[in-house]
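Structure record follows, encoded as structure tokens.
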Amino acid sequence: MIRNSKGLHVPEPGCRPGEEPDFSHVEVPPAGEVVRPPVTVSAAEIRDHAFRLIRVLDDNGMACGDWNPALSPDMLLKGLRAMMLTRAYDARMVRVQRQGKTSFYMKCTGEEAVAVAATMALRHEDMCFPTYRQQGILLARDWPMVDMMNQVYSNSQDRLKGRQMPVFYSSREAGFFSISGNLGTQYSQAVGWAMAAAADGDERISTAWIGEGATAEGDFHHALTFASVYRAPCILNIVNNQWAISSFSGIAGGEATTFAARGLGFGIPSLRVDGNDFLAVYAVTAWAAERARTGHGPTLIELFTYRAEGHSTSDDPTRYRPSTEAGAWPLGDPLERLKRHLIVAGHWSEEQHQALAKELDEEVRAAGKLSESYGTLKEGDRWPASTMFDDVYRDMPAHLVAQRRQAGV
Amino acid sequence: MIRNSKGLHVPEPGCRPGEEPDFSHVEVPPAGEVVRPPVTVSAAEIRDHAFRLIRVLDDNGMACGDWNPALSPDMLLKGLRAMMLTRAYDARMVRVQRQGKTSFYMKCTGEEAVAVAATMALRHEDMCFPTYRQQGILLARDWPMVDMMNQVYSNSQDRLKGRQMPVFYSSREAGFFSISGNLGTQYSQAVGWAMAAAADGDERISTAWIGEGATAEGDFHHALTFASVYRAPCILNIVNNQWAISSFSGIAGGEATTFAARGLGFGIPSLRVDGNDFLAVYAVTAWAAERARTGHGPTLIELFTYRAEGHSTSDDPTRYRPSTEAGAWPLGDPLERLKRHLIVAGHWSEEQHQALAKELDEEVRAAGKLSESYGTLKEGDRWPASTMFDDVYRDMPAHLVAQRRQAGV
Amino acid sequence: MPTMSMIEAINSAMDVALGLDPDVMIFGQDIGYFGGVFRATDKLQQRHGKQRIFDAPISEGGIVAAAVGMGAYGKRPVVEIQFADYIYPATDQIISEAARMRYRTGGEWWSPITIRSPYGGGIFGGQTHSQSPEGIFTHVAGLKIAIPSNPYDAKGLLIAAIEDDDPVLFFEPKRLYNGPFDGHHDRPVRNWAGHNDAEVPEGHYVVPLGKARRVREGGEVTILAYGTMVHVALCAAEETGIDAEIIDLRTLVPLDLDSITESVRKTGRCVVVHEATRTSGFGAELAAQVQEHCFFALEAPVERVTGWDTPYPHAFEWEYFPGPARVGEALKRVVNI
Amino acid sequence: MPTMSMIEAINSAMDVALGLDPDVMIFGQDIGYFGGVFRATDKLQQRHGKQRIFDAPISEGGIVAAAVGMGAYGKRPVVEIQFADYIYPATDQIISEAARMRYRTGGEWWSPITIRSPYGGGIFGGQTHSQSPEGIFTHVAGLKIAIPSNPYDAKGLLIAAIEDDDPVLFFEPKRLYNGPFDGHHDRPVRNWAGHNDAEVPEGHYVVPLGKARRVREGGEVTILAYGTMVHVALCAAEETGIDAEIIDLRTLVPLDLDSITESVRKTGRCVVVHEATRTSGFGAELAAQVQEHCFFALEAPVERVTGWDTPYPHAFEWEYFPGPARVGEALKRVVNI
Ligand SMILES: Cc1ncc(C[n+]2csc(CCOP(=O)(O)OP(=O)(O)O)c2C)c(N)n1
Ligand SMILES: Cc1ncc(C[n+]2csc(CCOP(=O)(O)OP(=O)(O)O)c2C)c(N)n1
Ligand SMILES: [Mg+2]
Ligand SMILES: [Mg+2]
């Protein structure tokens, strides 16, 4: 029993630098244990799901239970490839950032399934409202990597015209909504998008992602409220990677309950899923998408995962957590787990895997070279400076014309 | 099963003007049915309470079940008196507003127990963060009615110096925090107050009230998040009177679930209570106060009640709901129910009740006359106009000195 | 031509927009069945259906966010913030999102949304039903701000705002909803009947954003005003007998600088009037620009007549409100330099 | 006396405040164990305990609300908004609550809170890590706004802000945290060592709110600046050889009008410099006041050199930033009129 009458309770993570990593509080239930209800289920009937953990892949790489989406080897390989590509892409972009070719970068290492598996369970025309850590969506939708790099470099081919910080991609064609620097804002916008789709009788749905840290913003609450009131056809993902820069998930309110539980208060069916399990993420997304598309409204999904690297290139995680923590994380690595599943199922081999890795590295290197030929933040071509006055409004008003003239650009 | 793939779902109340009032969706469980757990209970153990309805007084005026607070006749009479006084006060203030003596007024008719019973279950030094519909707190704490009237009149004795709209009281002495025109802001402030108290090892707790409509604001979410993270010693009340001006509670997200359920997502024990049952409101508040005071953190309480009159003097409820709705409301009137209980228990009689009503009317009339002698909004004394430049800052800066001079006041 | 009050003109603008463009969607607190606390959307839900005009939760941030999302989908949302004083919870979605969407996406997405909100004092609304926050939003690149002073402009500007592909904040001077108001609060209330600018076409027309209107010609001094203050300025000019030229800005961003400088170069004097608090109000920008562009024509400093730098005090509404007496004094000071 | 960088001076101010006043409580995102993303609170939790300085959820609105509540309790909270660009979710609590608490309660309650936030560009932060939103808050009666330009002032002003019984927004020019910066981004980075204003006493002292500082004496033109722009202005004066008098405002509200008017009356010319977007930035208020108070002394219009009216573009940081070249041109224009 905790008494705080003699003090303010301030949550602390289990361990700090210099200490042994401690995940003893993390329960890892066996795969296949949680039942898959029909998509017509009411929120009240599956309240418990918010406190369970949906897992399909077990420790031996076997797919278990009724959430198993029974994907074709092709689909599995496509997923593996997209996750590997994401990781290879991240690796290169951090390297070029360290070389000073751009200002900033953010990896999603260890969380690749969260974006890739979900995207594959959606239709291409469904709309995504991501955060900065779902670059996997673009890669899973076969969006040209070189276009992403152009954005990171703010170069002459950057479709965002050099205006956004690296990784704040936007692609209307890929159904990937403009990433905002302001945490949480996309979540309630995604619900608005879904409301519009519903009003039009449009079959498309929207999907949003938010970090567990950012769930503390008001926008998160607005999103759940509007989604619940208007039964908006959307999927609301919470990526619980347990860290928000230096703050562990307890500071976001994860000590007393799960993040999936946030949905219970709104009568929104809420699932908690092993975010490093490609099959499980695919399965819950497909379930939620079917619900939304058939008029049963929103679903909230907590993806339990772990941010295996630093928050961004600006930060050094060893200042606030043991450097060995990532290794101790019990839910493993999404790439390794899917790879193993494919091998166990006889669709894949270590050799093929090595060959693919090499091929992807090559692909990334080639894209990188091409993109750099369009310029980097520090060198080479970029948009003409005069364009910085464009797009503030659809038509440039007189005062901006005057300012552009004054700028002499 | 509802399909919204062919349209946007927009909640509608069961009936509109001209139709028969319909409360068939309201379940009225028998009194005494819900168990009273120990205050050390964890949120997880009582999730179900968020969907029940704690009731003590049954239809015959008997107090039932283990939530019965077994109050002394003195306490019950004090409560009855405070509720009656609140109603008499409201009646007069609406009358004087209609006479043009002030600009605006808001009644709490039918919801008196929400404020009065809760206040009586708190200690006098506990801090209240109310909305505009808990005038009962001040009256239950024996705060001079004439002081409240002075505020409503913005007269020369108004401690708020004529600056606030009517009913936006504030009283540090009475532990009644300044009411804000901006809905919801007090909720998260109350949690901050409780955090400060906890940090000081102070035994005092804070209590906040919010309307079900205003729970949609981000502040509500911030309050629950901070209360959960820091286990703040506070009581978070949601007054679900089913209406927010013209919008029924479905527009606030009350269609799919209860408002008490909002707390589940934060691991905060959440109770739902018959808000027109003085004994039940007292009991749950006392339970939550003990929890908070003994270091077990926050409690969320939904008080299920009904706004029996218009939103304020600016509004005509017959434009959006049947005028007979109030009469059909199944949970009755808090005054009548407590009165009946007292009579049934042999502590009270119809004659005594009439006499008290008369006495209170007299008291209100006398206070009204005294207050009016200090001025009303339209006539008589008020603060000197020069004081409108005071209190913007602790010390008046030069630019305000200059503006006051320019104003010639 | 029919005569409309300002509230009727605003209602008519939305009615027309809903009728012409199936992508227009309207939502806000109490605006559906009930028709809005000021009746701006009266009967529109009954006429255009619940799917296109409906009540929203009490969540200004959520309302604007939903509008941004709908805008991204391809809708043209019009939302109401019940009082301008309650716009602050939506600040982040307005400033960080709606205003910057087109820019940050290189023109790939934008926010064709209109945010309507009653603003200003004069109805004993105290400090939370009287504010004029327009100045804050004029600082934000990417937003347009329109403020009508009469029924004709209200309808034409609101249709222009709805049809505009950029986010527009449309502040409605609530004191003008039912009649013109010159600041003489102690005189009988007037309604719009018989007022020139209350003749409002039934159908579609626009008053373009970015064009001011000279509402009074004069040679001695230029008064820059918008919303309620246009009427106050007119009254002050009449009462002082000063030959003031009055420009109703109608749009603060983009600003019709040409109309302003042309007038000030002619009169050599300028008084700026607004109800918002003084420091860093839009009057500061106007004064700064007038002296930047007309310095050598100016014979007196640009004066500002504004609300005081205090919250709007309930009982001292009329001491706070910059009425015709204060404007008149400023005019006299300025022309006598 | 020890030499401190600005970030160390800010850390020291909080250290001193925590040490002297048990009611000081500090919270914000990542400011506890980690010591803040800019290290402003480095080691303070270790020194003063988790109950007094701790991490907060990512909820700027909740952070300020909690501070308001703690202030009502009797605490003296100091909160960090990780970047000024992220202050908007807290707008309502700042404007409607903290700023108005004393007024609306007739002095019964107030908000003795300090809101610290890194602001301004120059670190390739793009449009959401570079903003200068101070102008918006100068429009709000009840708030004070302080912005230091050097380590000495940073510590003294921050202690003054914490000890002040009114809510103070304390914007920290992040580009100055580790060294002075004159806008020549292509020259080697400097640190504070050896700078006069980097000599900072270890203990308690205050730089009073509301007092500007003349950082350069001159006779030809007055430059009004604050934060990073003080260094840019100094550089522009040196490079152009123009005999400029430079006033570091230090506090925008309350404003030290006397220092401003005294200088402008002497020089007859004035240039205002800030990094924020131009329209309705605080420069507008300064220009408006200067022409109001010094009209007959002015020989040229007050010029404003500011960020453009666009979001802060990542790749065009240096085209956006009002560097010494642009300030220098304005100086030349103004003195040649
Ligand atoms: C409104 C706002 N506040 C603060 C920040 C600064 N910030 C950027 S990322 C971050 C942590 C986010 O953590 P989480 O939501 O868990 O996402 P993750 O980084 O783990 O993917 C913070 C505090 C911001 N970008 N926006
Ligand atoms: C931020 C904000 N938005 C809107 C309003 C306008 N408003 C005042 S009361 C009200 C309805 C509140 O309903 P509820 O919270 O249920 O409280 P009740 O009136 O039923 O007690 C609204 C929309 C406001 N005061 N503040
Ligand atoms: Mg995270
Ligand atoms: Mg209500």
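The values are calculated or read from the model by the stated rules, or taken from the named source; none is laboratory data. What you see is a predicted model, and the numbers here were worked out from it, not measured in a lab. All Cβ positions, even for glycine, are placed from backbone atoms using ideal geometry, and neighbour counts span all protein chains on display.
Brief remarks on what is shown
Residue by residue, here is whether (1) assigned to a loop (DSSP other than H, G, I, E, B); (2) touching a residue at least 60 places away in the same chain (Cβ under 8 Å); (3) of a type outside the set (A, V, I, L, M) holds:
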residue	(1), (2), (3)
B:ILE301	no, yes, no
B:SER323	yes, yes, yes
B:GLY332	yes, no, yes
B:LYS358	no, no, yes
B:GLY375	yes, yes, yes
B:ASP381	yes, yes, yes
B:ASP391	yes, yes, yes
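- Residue in region C:233-247 that is in contact with a Pro (Cβ under 6 Å, 6 or more places away or on another chain) and assigned to a loop (DSSP other than H, G, I, E, B) present: no
- In region D:216-238 there is no residue matching the filter, namely being surrounded by 24 or more Cβ atoms within 10 Å (Cβ to Cβ), charged (D, E, K, R) and outside the structural domain of D:LYS144 (by TED's automatic domain parsing).
- With respect to (1) crowded, with 24+ Cβ neighbours inside 10 Å; (2) more than 16 Å from ligand 4 (Cβ to nearest atom); (3) farther than 30 Å from A:GLU379 by Cβ, the lone exception for A:GLY175 is condition (1).
- Output for region A:216-241, where each listed residue is out of contact with any helix residue (DSSP H, G or I) (no Cβ under 7 Å at 6 or more places or on another chain) and either more than 16 Å from ligand 3 (Cβ to nearest atom) or among the aliphatic types (A, V, I, L, M) (or both): A:ARG231
- A:THR225 within 9 Å of chain B (Cβ to nearest Cβ), within 16 Å of ligand 2 (Cβ to nearest atom) and modelled with pLDDT of 95 or more: yes
- Residues of region A:393-409 that turn out to be among the hydrophobic types (A, V, I, L, M, F, W, C), more than 7 Å from every other protein chain (Cβ to nearest Cβ) and not in a helix (DSSP H, G or I), as a count: 1
- A:ILE245 meets the conditions (1) more than 9 Å from chain B (Cβ to nearest Cβ); (2) out of contact with any Phe, Trp or Tyr (no Cβ under 6 Å at 6 or more places or on another chain); (3) surrounded by 24 or more Cβ atoms within 10 Å (Cβ to Cβ) in every case but one. The failed one is (3).
- Residue within region A:251-266 that is within 16 Å of ligand 1 (Cβ to nearest atom), more than 17 Å from A:PHE51 (Cβ to Cβ), part of a loop (DSSP other than H, G, I, E, B) and of a type outside the set (A, V, I, L, M, F, W, C) present: no
- Pick from region D:108-129, criterion within 15 Å of the chain's Cα centre (by Cα) and closer than 26 Å to D:ILE53 by Cα, ranking: surrounded by the fewest Cβ atoms within 10 Å (Cβ to Cβ): D:SER117
- All told, A:SER386 meets the bar of being surrounded by fewer than 21 Cβ atoms within 10 Å (Cβ to Cβ), free of Cβ contacts under 8 Å to residues at least 60 places away in the same chain, within 14 Å of chain D (Cβ to nearest Cβ) and more than 28 Å from the chain's Cα centre (by Cα).
- Looking only at residues in region A:248-270 that are away from ligand 3 (no atom under 16 Å from the Cβ) and among the aliphatic types (A, V, I, L, M), the one that is surrounded by the most Cβ atoms within 10 Å (Cβ to Cβ) is A:LEU264.
- Hits in region B:183-215 (condition: away from ligand 2 (no atom under 14 Å from the Cβ) and of a type in the set (Val, Ile, Thr)): B:VAL191, B:ILE205, B:THR207
- If you check C:ILE136, C:ILE147, C:ILE113 for being under 26 Å from C:ALA315 (Cα atoms) and away from ligand 1 (no atom under 16 Å from the Cβ), only one passes: C:ILE136.
- Residues considered: B:ARG47, B:ARG52, B:ARG81. Of these, the only one that is of a type in the set (D, E, K, R) and over 30 Å from A:GLY253 (Cα atoms) is B:ARG81.
- In the set B:THR313, B:THR299, B:THR305, B:THR257, only one residue is more than 9 Å from every other protein chain (Cβ to nearest Cβ), closer than 30 Å to B:ARG16 by Cβ, away from ligand 4 (no atom under 16 Å from the Cβ) and of a type in the set (S, T, N, Q); that residue is B:THR313.
- The numbered conditions (1) within 16 Å of the chain's Cα centre (by Cα); (2) more than 10 Å from ligand 2 (Cβ to nearest atom); (3) not basic (Lys, Arg) are all true for B:ILE245 except (2).
- Checked against the criterion of being crowded, with 23+ Cβ neighbours inside 10 Å, among the hydrophobic types (A, V, I, L, M, F, W, C) and closer than 17 Å to C:PRO112 by Cα, the candidates A:ALA208, A:ALA197, A:ALA216 yield just one match: A:ALA197.
- Scan of region B:79-115 for residues that are surrounded by fewer than 24 Cβ atoms within 10 Å (Cβ to Cβ) and in contact with a strand residue (DSSP E or B) (Cβ under 6 Å, 6 or more places away or on another chain), ordered by number: none
- Residues of region C:299-312 satisfying the condition of being within 20 Å of D:ARG269 (Cβ to Cβ) and more than 8 Å from every other protein chain (Cβ to nearest Cβ): C:GLU299
- Residue in region C:153-168 that is within 14 Å of the chain's Cα centre (by Cα) and part of a loop (DSSP other than H, G, I, E, B) present: no
- Taken as a whole, the condition of being under 30 Å from B:ASP147 (Cβ atoms) and within 14 Å of chain B (Cβ to nearest Cβ) does not apply to D:PRO57.
- Applying the condition of being in contact with a strand residue (DSSP E or B) (Cβ under 8 Å, 6 or more places away or on another chain), among the β-branched types (Val, Ile, Thr) and within 16 Å of ligand 3 (Cβ to nearest atom) to region A:159-215 and asking which residue is nearest to the other protein chains (Cβ to nearest Cβ) yields A:THR215.
- The set of residues in region C:237-287 being acidic (Asp, Glu), within 17 Å of the chain's Cα centre (by Cα) and more than 12 Å from every other protein chain (Cβ to nearest Cβ) consists of C:ASP248, C:GLU275.
- Hits in region B:201-228 - residues which are within 16 Å of ligand 1 (Cβ to nearest atom) and either among the small types (Gly, Ala, Ser) or out of contact with any Pro (no Cβ under 6 Å at 6 or more places or on another chain) (or both): B:GLY218, B:ASP219, B:HIS221, B:HIS222, B:PHE226
- Yes/no for B:ALA261 being in contact (Cβ under 8 Å) with a residue 12 or more places away in the chain, under 26 Å from A:GLU212 (Cα atoms) and more than 16 Å from ligand 2 (Cβ to nearest atom): yes
- Some residue of region D:110-126 being in a helix (DSSP H, G or I) and without any contact (Cβ under 8 Å) to a residue 40 or more places away in the chain: no
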